[in-house]
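The values are calculated or read from the model by the stated rules, or taken from the named source; none is laboratory data. These numbers were taken from a predicted model, which means no experiment stands behind them. So basically every Cβ, Gly included, is an ideal-geometry build from the backbone, and we count neighbours across all protein chains shown.
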């Protein structure tokens, strides 16, 4: 399969053709044409106008470009867009539903878990994958799940607390924000 993709890319480059693929993006079927050498990150931003997925290191080291592919977090800067064919891709733009923001988005906002916000989409999607697999993660499990995501602005405590609070709310618990989470310790 991989050899066929490489062969197709070689033919397309020689003839200046674009790749055409279809996949599900944020719950909608899309067809997109792009240069075959582009990463999924580039296609999402440049060809589809989905700017929530961010360019970070472009080396797979920071997690800023994380998206969900078939429900699993993937670093879109390392994935060729051709590999998204017939798959399901979710970006941060797809997290909110008709009923409003996803609980993770709410708790990140409520707790101030984002400073500049640049890394936030990657954190949100990786956390969403975690909570889909484990609705009651421990702090250690949250840290392990998010260890591939780097934030240069915050300490990670508010991010961990936001994931814990979202998990509790998603389980139907009447979880409230602690005073210390918002105002710090006196």
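Taking the options 175, 145, name whichever one is touching a helix residue (DSSP H, G or I) at 6+ places or on another chain (Cβ under 8 Å), over 23 Å from residue 76 (Cβ atoms) and without any contact (Cβ under 8 Å) to a residue 24 or more places away in the chain. If you could, list the steps in order and put the result at the bottom.
On the way: 145 fails: over 23 Å from residue 76 (Cβ atoms).
Selected residue: 175, the only one of 175, 145 that is touching a helix residue (DSSP H, G or I) at 6+ places or on another chain (Cβ under 8 Å), over 23 Å from residue 76 (Cβ atoms) and without any contact (Cβ under 8 Å) to a residue 24 or more places away in the chain.
Name the residues in segment 42-60 that are buried (at least 21 other Cβ atoms within 10 Å of the Cβ), in contact with a strand residue (DSSP E or B) (Cβ under 8 Å, 6 or more places away or on another chain) and more than 23 Å from residue 20 (Cα to Cα), would you?
Passing the criteria: none in range.
Which residues, taken from segment 61-85, are in a loop (DSSP other than H, G, I, E, B), within 13 Å of the chain's Cα centre (by Cα) and surrounded by fewer than 16 Cβ atoms within 10 Å (Cβ to Cβ)?
Those that are in a loop (DSSP other than H, G, I, E, B), within 13 Å of the chain's Cα centre (by Cα) and surrounded by fewer than 16 Cβ atoms within 10 Å (Cβ to Cβ): 70, 71.
Identify, from the list 22, 31, the residue that is in contact with a strand residue (DSSP E or B) (Cβ under 6 Å, 6 or more places away or on another chain), modelled with pLDDT of 95 or more and loosely packed, with under 12 Cβ neighbours inside 10 Å.
Working: 22 fails: loosely packed, with under 12 Cβ neighbours inside 10 Å.
Among 22, 31, only 31 is in contact with a strand residue (DSSP E or B) (Cβ under 6 Å, 6 or more places away or on another chain), modelled with pLDDT of 95 or more and loosely packed, with under 12 Cβ neighbours inside 10 Å.
For segment 5-14, does any single residue satisfy the condition of being modelled with pLDDT of 95 or more and surrounded by 15 or more Cβ atoms within 10 Å (Cβ to Cβ)? Break it down into steps so the answer makes sense when it comes.
Quick first cut of segment 5-14, residues modelled with pLDDT of 95 or more only: none.
No, segment 5-14 has no match at all.
For segment 19-60, which positions are touching a residue at least 24 places away in the same chain (Cβ under 8 Å) and assigned to a loop (DSSP other than H, G, I, E, B)?
Result: 26, 27, 36, 37, 38, 50, 52, 53, 54, 56.
Is it the case, given these coordinates, that residue 128 is more than 17 Å from the chain's Cα centre (by Cα), outside any loop (DSSP other than H, G, I, E, B) and not assigned by TED's automatic domain parsing to the domain that holds residue 57?
On the way: more than 17 Å from the chain's Cα centre (by Cα): no; outside any loop (DSSP other than H, G, I, E, B): yes; not assigned by TED's automatic domain parsing to the domain that holds residue 57: yes.
Criteria not met by residue 128.
Looking for something at pLDDT 95 or above, within 10 Å of the chain's Cα centre (by Cα) and surrounded by 13 or more Cβ atoms within 10 Å (Cβ to Cβ) - is there at least one such residue anywhere in segment 95-105?
So far as segment 95-105 goes, yes, one or more of its residues are at pLDDT 95 or above, within 10 Å of the chain's Cα centre (by Cα) and surrounded by 13 or more Cβ atoms within 10 Å (Cβ to Cβ).
Does segment 89-96 include one or more residues that are in a strand (DSSP E or B) and touching a strand residue (DSSP E or B) at 6+ places or on another chain (Cβ under 6 Å)?
Filtering segment 89-96 for residues in a strand (DSSP E or B) gives 89-90.
Of the ones still in play, those that are also touching a strand residue (DSSP E or B) at 6+ places or on another chain (Cβ under 6 Å) are 89-90.
Checked segment 89-96: at least one residue is in a strand (DSSP E or B) and touching a strand residue (DSSP E or B) at 6+ places or on another chain (Cβ under 6 Å).
In segment 137-160, what residues are assigned to a loop (DSSP other than H, G, I, E, B) and either surrounded by 13 or more Cβ atoms within 10 Å (Cβ to Cβ) or modelled with pLDDT of 95 or more (or both)? Write out each step before concluding.
Kept after step one, since they are assigned to a loop (DSSP other than H, G, I, E, B), are these residues of segment 137-160: 137-138, 147-156.
Hits for segment 137-160 are 137, 138, 147, 148, 149, 150, 151, 154, 156.
Of everything in segment 108-136 that's touching a helix residue (DSSP H, G or I) at 6+ places or on another chain (Cβ under 7 Å) and farther than 21 Å from residue 71 by Cβ, which residue is surrounded by the most Cβ atoms within 10 Å (Cβ to Cβ)?
Going residue by residue through segment 108-136, those that are touching a helix residue (DSSP H, G or I) at 6+ places or on another chain (Cβ under 7 Å) are 108, 111-114, 120-121, 123-128, 130-131, 134-136.
Filter once more, so that each one left must be farther than 21 Å from residue 71 by Cβ: 111-114.
On the way: 111: 22, 112: 13, 113: 27, 114: 21.
Taking the candidates together, the pick is 113.
Does any residue of segment 97-104 turn out to be in contact with a helix residue (DSSP H, G or I) (Cβ under 6 Å, 6 or more places away or on another chain), within 28 Å of residue 168 (Cβ to Cβ) and in contact (Cβ under 8 Å) with a residue 60 or more places away in the chain?
Residues of segment 97-104 that are in contact with a helix residue (DSSP H, G or I) (Cβ under 6 Å, 6 or more places away or on another chain), as a first pass: 103-104.
Still in the running and within 28 Å of residue 168 (Cβ to Cβ): 103-104.
Within this subset, residues satisfying the condition of being in contact (Cβ under 8 Å) with a residue 60 or more places away in the chain are 103-104.
The answer is yes, given that some residue of segment 97-104 is in contact with a helix residue (DSSP H, G or I) (Cβ under 6 Å, 6 or more places away or on another chain), within 28 Å of residue 168 (Cβ to Cβ) and in contact (Cβ under 8 Å) with a residue 60 or more places away in the chain.
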